[in-house]
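Engineer: First the structure, which I've put down as structure tokens, then a few questions once you've had a look.
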Amino acid sequence: MKKKKLLVVGGGGREHAVSWLLSKSALVEKLYFAPGNAGMAKLGECVKIAANDTGSLVQFAREREIDLTFIGPEEPLVMGIVDRFTEAGLRAFGPTKEASRLEGSKVYAKEFMKRHGIPTAQFQVFDSYEEALGALAGNRGRTVVKADGLAYGKGVVVAESPDEARDAIRHMMVEKKFMTSGNRIVIEEFLEGEEVSIIALTDGEIFLPLVPSQDHKRAFDGDRGPNTGGMGAYAPFHFAESGELEKEVYEILSRTVAGLREDGVCYKGVIYCGLILTKSGPRVLEYNCRLGDPEAQAILPLLKDDLLHVLDAVVEGKGLPQSLTWEDGFCVAVMIASGGYPGSYSTGFPIDGIEEAERGGALVLHAGTGLEKGKTVTKGGRVLSVCAKGKTLFEAQKNAYEACSKISFKGAFCRTDIAGRGIDREAQLNLRKG
Ligand code: AMP
Ligand code: GLY
């Protein structure tokens with residue numbers, strides 16, 4: 001079979017994870033990254049094109065005769081990059097603009113779920129500031145306020161009081177903190193429970209689930225502090241033995257794919273259901289049209305199949321295997337971040353110890369790094385995803401933190417309890433098994 005030239009769009013830990021796996025494929029001739037990062041540069045060639053510069057990406061793919069382009073982040077997908085590639089006769093992996101609305105518009109996603117009987121938090125939609133405020137009358141507890149459109153992962157506010165909810169509504173609708181993304185908002189009930197990320201690949205007909213995973217969104221240990229892009233993840237997440245919950249969760253995925261088809265939406269690519277496991281069953285918090293970050297860093301190291309083969313099958317809409325094959329054991333991905341993140345932080349600090357951590361068997365994926373005079377330096381809030389495997393979740397966690405201890409840069413911090421809740425959960429499941 002002819003080997004392929006691939007372009008990976010994006011430059012975070014998720015894209016490094018995808019690129020690392022693609023670099024192991026026997027079917028790959030050359031990898032290009034736009035814009036990539038210092039870690040990805042070791043696997044192929046980085047080109048200076050931003051991930052949302054669709055015109056330049058199409059031109060580059062045409063000139064270099066790229067066989068397949070993988071789109072990592074949501075912004076280009078929601079803007080319609082896959083449609084532009086297809087119009088230019090090029091192959092790109094990811095949902096179209098129409099299909100990406102599942103992530104691009106919270107209102108669309110909520111109405112989609114309502115239409116198809118998919119369990120989610122109760123909600124109301126507002127495009128008037130006064131009416132939105134009116135909805136808070138008589139409400140004393142926590143509520144969740146969501147900007148309709150993309151908002152760099154910051155468009156969801158879990159308000160502890162009506163005052164906080166009012167502030168959030170004003171920021172979105174009056175002060176236009178997220179520009180037009182906040183013209184419409186969703187106000188929804190607060191749900192309590194453990195969160196789990198269910199991600200699958202679909203060609204629009206069938207879906208192939210990846211192993212379930214769990215993200216850690218808060219900045220500090222014990223799930224305290226502000227929300228971040230994700231401070232770490234582990235996979236697989238195990239549902240309780242009874243199997244009931246797991247069945248319900250996959251029923252949600254199945255209804256989602258079927259619902260899209262019924263609506264006449266051809267959805268090909270990654271579909272991500274962010275779920276919360278409430279006492280009354282699983283509920284969908286959000287859909288994403290791409291892999292999770294940092295979930296991808298915990299999931300992909302466990303995948304045994306040739307990733308390119310699977311991506312090709314999704315794009316072609318035929319030849320998807322019956323299921324994916326996974327290594328036994330667990331993977332933990334710990335994010336090392338810049339001091340101050342998710343608030344303001346400085347960049348440009350040299351990073352030490354990456355090779356040493358890798359020599360110990362860890363996989364160090366770059367999230368926000370660059371090269372300055374040949375030295376790897378910090379370039380973002382989330383800097384490195386340090387990934388390690390183990391036969392048990394406990395062992396994987398231990399290996400990941402051992403690797404983290406070898407890495408240093410000015411102001412570096414990480415959570416020290418990534419996968420901690422999962423380890424307790426595994427212990428309980430094992431106890432119940434006897
Ligand atoms: P989203 O971008 O919709 O996933 O929201 C980001 C985070 O906000 C989620 O991962 C949850 O931790 C939290 N969240 C969103 N919606 C709700 C809800 N209805 N109840 C409780 N927490 C929520
Ligand atoms: N880890 C959450 C996300 O990728 O949206």
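The values are calculated or read from the model by the stated rules, or taken from the named source; none is laboratory data. All values derive from a computational prediction rather than experimental measurement. With ideal geometry, Cβ positions are generated from the backbone for all residues, glycine too; neighbour counts draw on all protein chains shown. Quick note on the areas: whole protein, heavy atoms, side chains included, nothing else; ligands and nucleic acids left out. Shrake-Rupley method; radii C 1.70, N 1.55, O 1.52, S 1.80 Å.
Here is a yes/no grid of residues against (1) more than 20 Å from the chain's Cα centre (by Cα); (2) closer than 15 Å to Ser408 by Cβ; (3) free of Cβ contacts under 8 Å to residues at least 12 places away in the same chain:
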| residue | (1), (2), (3) |
| --- | --- |
| Ser346 | yes, no, no |
| Leu363 | no, no, no |
| His366 | no, no, no |
| Lys373 | yes, no, yes |
| Thr378 | yes, yes, no |
| Ala388 | no, no, no |
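Engineer: In the range 120-156, what residues are modelled with pLDDT under 95, under 15 Å from Glu189 (Cβ atoms) and within 16 Å of ligand 2 (Cβ to nearest atom)?
Structural biologist: Val156
Engineer: Also, I was wondering about something else. In the range 70-88, how many residues are within 14 Å of Ile49 (Cβ to Cβ), surrounded by 24 or more Cβ atoms within 10 Å (Cβ to Cβ) and out of contact with any Lys or Arg (no Cβ under 6 Å at 6 or more places or on another chain)?
Structural biologist: Total satisfying the criteria: 4.
Engineer: Taking the residues in the range 286-317 that are open to solvent by 20 Å² or more (accessible area, probe 1.4 Å) and within 16 Å of ligand 1 (Cβ to nearest atom) as candidates, determine which candidate is farthest from the chain's Cα centre (by Cα).
Structural biologist: Taking the candidates together, the pick is Glu286.
Engineer: Determine whether the range 263-272 contains at least one residue that is in contact with a helix residue (DSSP H, G or I) (Cβ under 7 Å, 6 or more places away or on another chain), within 16 Å of Arg115 (Cα to Cα) and more than 13 Å from ligand 1 (Cβ to nearest atom). Quick ask: steps written out before the conclusion?
Structural biologist: Residues of the range 263-272 in contact with a helix residue (DSSP H, G or I) (Cβ under 7 Å, 6 or more places away or on another chain): 267-269, 271.
Narrowing further to those that are within 16 Å of Arg115 (Cα to Cα): none.
Within the range 263-272, none of the residues are in contact with a helix residue (DSSP H, G or I) (Cβ under 7 Å, 6 or more places away or on another chain), within 16 Å of Arg115 (Cα to Cα) and more than 13 Å from ligand 1 (Cβ to nearest atom).
Engineer: Quick check on my filter: what residues within the range 405-428 are surrounded by 24 or more Cβ atoms within 10 Å (Cβ to Cβ) and assigned to a helix (DSSP H, G or I)?
Structural biologist: Gly422
Engineer: Ser242 is checked against (1) modelled with pLDDT of 95 or more; (2) over 22 Å from the mean Cα position of the chain (by Cα) and fails just one. What number does that condition carry?
Structural biologist: Against the list (1) modelled with pLDDT of 95 or more; (2) over 22 Å from the mean Cα position of the chain (by Cα), Ser242 comes up short only on (1).
Engineer: Same structure, new question: Is at least one residue of the range 13-20 open to solvent by 40 Å² or more (accessible area, probe 1.4 Å) and more than 22 Å from the chain's Cα centre (by Cα)?
Structural biologist: No, the range 13-20 contains no residue that is open to solvent by 40 Å² or more (accessible area, probe 1.4 Å) and more than 22 Å from the chain's Cα centre (by Cα).
Engineer: Select from the range 330-379 the residues that are exposed (fewer than 15 other Cβ atoms within 10 Å of the Cβ), polar (S, T, N, Q) and part of a strand (DSSP E or B) and list them in ascending order.
Structural biologist: none
Engineer: I'd like to check something: does the range 236-243 contain any residue that is polar (S, T, N, Q), more than 14 Å from ligand 2 (Cβ to nearest atom), open to solvent by 50 Å² or more (accessible area, probe 1.4 Å) and outside any strand (DSSP E or B)? Walk me through how you get there before you give the answer.
Structural biologist: To start, the set of residues in the range 236-243 that are polar (S, T, N, Q) comprises 242.
Still in the running and more than 14 Å from ligand 2 (Cβ to nearest atom): 242.
Subsequent filtering for residues that are open to solvent by 50 Å² or more (accessible area, probe 1.4 Å) retains 242.
Next cut, outside any strand (DSSP E or B) only: 242.
Scanning the range 236-243, I find at least one residue that is polar (S, T, N, Q), more than 14 Å from ligand 2 (Cβ to nearest atom), open to solvent by 50 Å² or more (accessible area, probe 1.4 Å) and outside any strand (DSSP E or B), so the answer is yes.
Engineer: Considering only the range 244-255, state which residues are open to solvent by 30 Å² or more (accessible area, probe 1.4 Å) and in contact (Cβ under 8 Å) with a residue 12 or more places away in the chain.
Structural biologist: Leu245, Glu248, Tyr250, Ser254, Arg255, listed by residue number.
Engineer: Oh, and also: Looking at this structure, is Glu164 more than 16 Å from ligand 2 (Cβ to nearest atom) and open to solvent by 40 Å² or more (accessible area, probe 1.4 Å)? Before you say what the answer is, go through the steps one by one.
Structural biologist: Working: more than 16 Å from ligand 2 (Cβ to nearest atom): yes; open to solvent by 40 Å² or more (accessible area, probe 1.4 Å): yes.
Yes, satisfied.
Engineer: Can you run down the residue pairs with Cβ atoms below 8 Å, 6 or more apart or on separate chains, where the first is in the range 256-283 and on the phi > 0 side of the Ramachandran plot and the partner is acidic (Asp, Glu)?
Structural biologist: Gly281/Glu248
Engineer: Name the pairs whose Cβ atoms lie under 7 Å apart, with the first residue in the range 207-227 and more than 15 Å from ligand 2 (Cβ to nearest atom), the second open to solvent by 30 Å² or more (accessible area, probe 1.4 Å) and among the β-branched types (Val, Ile, Thr), and 6 or more positions between them or separate chains?
Structural biologist: If the second residue must be open to solvent by 30 Å² or more (accessible area, probe 1.4 Å) and among the β-branched types (Val, Ile, Thr), the pairs left are Asp221/Thr416.
Engineer: Given the options Arg224, Arg283, name the one that is within 30 Å of Phe413 (Cβ to Cβ) and either among the β-branched types (Val, Ile, Thr) or open to solvent by 10 Å² or more (accessible area, probe 1.4 Å) (or both).
Structural biologist: So the residue among Arg224, Arg283 that is within 30 Å of Phe413 (Cβ to Cβ) and either among the β-branched types (Val, Ile, Thr) or open to solvent by 10 Å² or more (accessible area, probe 1.4 Å) (or both) is Arg224.
Engineer: Considering the range 91-100 alone, what residues qualify as being touching a residue at least 40 places away in the same chain (Cβ under 8 Å) and either of a type in the set (Phe, Trp, Tyr) or open to solvent by 20 Å² or more (accessible area, probe 1.4 Å) (or both)?
Structural biologist: Within the range 91-100, Arg91, Phe93, Thr96, Glu98 meet the criteria.
Engineer: Look at the range 263-317 and say how many of its residues are in a helix (DSSP H, G or I) and away from ligand 2 (no atom under 13 Å from the Cβ). Steps first, please.
Structural biologist: We begin by selecting, within the range 263-317, every residue in a helix (DSSP H, G or I); these are 295-302, 307-316.
Filter once more, keeping what is away from ligand 2 (no atom under 13 Å from the Cβ): 300-302, 307-316.
Number satisfying all stated conditions: 13.
Engineer: Exactly one of these conditions fails for Ile118: (1) buried (at least 17 other Cβ atoms within 10 Å of the Cβ); (2) farther than 26 Å from Glu248 by Cβ. Give me its number.
Structural biologist: (2)
Engineer: Taking the conditions exactly as written (surrounded by fewer than 20 Cβ atoms within 10 Å (Cβ to Cβ) and among the aliphatic types (A, V, I, L, M)), does Ile206 satisfy them or not?
Structural biologist: On the way: surrounded by fewer than 20 Cβ atoms within 10 Å (Cβ to Cβ): yes; among the aliphatic types (A, V, I, L, M): yes.
Considered against the rule, which asks whether it is surrounded by fewer than 20 Cβ atoms within 10 Å (Cβ to Cβ) and among the aliphatic types (A, V, I, L, M), Ile206 comes out as yes.
Engineer: Of all residues being among the small types (Gly, Ala, Ser) and in contact with a strand residue (DSSP E or B) (Cβ under 8 Å, 6 or more places away or on another chain) in the range 318-329, which is least open to solvent (accessible area, probe 1.4 Å)? Just the residue, please.
Structural biologist: Gly329
Engineer: At least 2 residues that are within 16 Å of ligand 1 (Cβ to nearest atom) and of a type in the set (Asp, Glu) in each: list the strands (runs of 3 or more DSSP E) lying fully within the range 126-234 that qualify. Talk me through it step by step, then tell me what you get.
Structural biologist: On the way: elements: 143-147, 156-159, 185-189, 194-202, 207-209, 218-220, 224-227.
Strands (runs of 3 or more DSSP E) meeting the threshold: 185-189, 194-202.
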